[in-house]
Amino acid sequence: MKEQLIQYLAVPMLQIAAIIGVMLLCVMYLVLWERKLIAFMQVRMGPMRVGYHGLLQPIADVVKLLLKEDVVPKAADRWVHLISPIILMIPALACFAVIPFTGTSFEVGAFTIPLVNYDVPALTVTSWVADLNIGLLYFLAISSLGVYGLVLAGWSSNSKYSMLGSLRSAAQMISYEVPLGLSIVAILMLSGTASLVGIVEAQQEAGHWWLFWAPLGVPLLWPQFIGLFLYFVAAVAETNRAPFDLPEAETELVAGFHTEYSGMKFAFMFLAEYLNMILAALIVSVLFLGGWLPVTFGIPGLSELFGNFLPFLGGAGAAITGFFWLALKVFLVLTVYLWLRATFPRYRYDQLMSLGWKWLIPMGLAHVMVTALFMLLRG
Amino acid sequence: MTEVSLPLFLVFAAVGVFGAVMMVTRTQPVHSALYLVLTLFSVAAIYVLLHAEFLAVVQILVYAGGIMVLFLFVIFLVRPPVPGEARWHGGRHVLLSAGLAVILACALGWHFLESAPAAAGNPSALLEGGNMEQVSMTLFRYYILPFETVSILLLVSMIGAIALARKGEGV
């Protein structure tokens, strides 16, 4: 009973606390990276004053947001106005439960917690909170709930701009969920499982990332590039980022659904947006880019080269190396995300809808068919 | 059910019933919709306790993530309710719905007393090879014709809805 309590209650609690802490820190520095990168692309300096080259700017921003006055419009629905940032935050955080951050698990020997003299038995700690056999569906289901936060925030503010922003977001997120789902189907067919750990293991077994799956053995004929493209475009639209940031289009809607939000509630919405971006980048890395597998994986002769940077640590060294590779991939995907924002102007609303329904969905259907055909040809 | 899942079931069942009662008693339609989402969630949690994870996730994905968002969409676009407009419709409705509830409860109770012990057995024993695999095997191997028929039915109703909505535009 005691072992079970520790294995199924205490360890997941610690994992959840660690994930939340690390992810919030990542969001803070992702914002700084966004400002610095876009400043670089626009030949500016970006934040420079707080700390060396603005390195402490995120901390200053957090303190500012914490101390700001919380303004609620008089005609707002107070309760819904309060819970909508929370509704945005919870799905964004809950999705991290199924993400495998690295492949090898850590072995923790038996030890005693000092002062209270509590004996902890030997444990195996994995890098994921839960490896569900429906992991990918869990991700899709939970992340589809974020739209409630946007819709209710817009409605409860009782303001025209907010309302328009939230109506746009509802239509946009529901439309782009379809190509998002379709782009994943091919990966499910290739892996034969919906568990995210299983998907990376299937790539390990296949000897290459799913992105470089060459059914006919011809290099550069990689059908999953279409899948990656579809997933990425749909994910950018799902997270309401430029060039699909219509729900908060500042040139027309002030700030869209969060016009009437300030202080901590605004910070929550901001956090949820960036958490969803990190999540999208993690899913891209796990599904298409081999998750924790090294970047040289699949190149003949180099596959095992960067598998473990710290061989003297044994299994823990391999785990840390895997984590490093995943983090690198996520960082690169996020950089592309920000690059898009600096490059493309915003879509018009009708363009957004016709792109989603007339281009991405047919492409997604064709992609599923083509992948299935290739799998059959290969036997 | 194991010793852990019984208290959890009671919690989720209580939350579900609470959400359902709040849903029918609110005068603000948006609040009703939110309580309905709460109920859908508790039902999904109960599915998880019964080892039907796939069903739970589909419940959230389809009902909470899709259909209820469209409901909210519609509620936003219709006329906002005037405070105090909602009226008590009198005893007849209460009597009718109470009667229906009693009939439903009797039917369900009879069903469970008669046939449950055999069917309930051990739900986890049904799940050899995973939940999703089981569902898709059953659906696509034994019930492929009804499945496809239902999807054509949905397609027809979808086209019908579009045709009705675009009436008079010369389509």
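Points to keep in mind about this one:
- Just so you know, the averaged projected area of the alpha carbon convex hull for segment B:1-79 sits at 5.1 nm².
- For chain A, complete DSSP H runs whose alpha carbons reach 24 Å or more along their own long axis and whose mean Kyte-Doolittle score is 1.0 or higher are A:11-41, A:78-94, A:263-287, A:315-343, A:361-378.
- Dipole magnitude for chain A: about 840 debye, using +1 per Lys or Arg Cβ and -1 per Asp or Glu Cβ, origin at the Cα centre.
- 24 Å Cα-Cα threshold exceeded, pairs from A:LYS36/A:LYS358; A:LYS160/A:LYS265; A:LYS64/A:LYS329; A:LYS74/A:LYS265: A:LYS36/A:LYS358; A:LYS64/A:LYS329
- Residue-wise HN-Hα coupling along segment B:103-114, computed from phi with Karplus coefficients 6.51, -1.76, 1.60 (Hz; x: Gly, Pro): 4, 4, 4, 5, 4, 5, x, 4, 4, 5, 5, 6
- In the B-A interface, the accessible area buried, summed over both sides, Å² (probe 1.4 Å): 2000 Å²
- Size estimate for the protein assembly as shown follows the Kirkwood approach: the inverse of mean 1/r over distinct Cα pairs works out to 26.2 Å.
- Highest-first arrangement of A:322-328, A:41-47, B:95-101, where packing means the average Cβ count within 10 Å: A:322-328, A:41-47, B:95-101
- Comparing the full protein assembly with the isolated chain, the residues of segment A:148-168 losing at least 40 square angstrom of accessible surface (1.4 Å probe) are A:TYR148, A:VAL151, A:LEU152, A:TRP155, A:LEU167.
- On chain A, 71 percent of the accessible area sits on carbon and sulfur atoms, based on a 1.4 Å probe.
- Debye-formula intensities of segment A:12-51, expressed as log10 I(q)/I(0) at q = 0.24, 0.25, 0.31 Å⁻¹, are -0.75, -0.78, -0.95 (one equal scatterer per alpha-carbon, no solvent).
The values are calculated or read from the model by the stated rules, or taken from the named source; none is laboratory data. Remember, predicted model here, so these are calculated numbers, not experimental data. FYI the Cβ positions are ideal-geometry reconstructions off the backbone, even for glycines, and counts take in every protein chain you see. These accessible areas exclude ligands, DNA and RNA; they are computed on the full protein's heavy atoms, side chains included. Shrake-Rupley method; radii C 1.70, N 1.55, O 1.52, S 1.80 Å.
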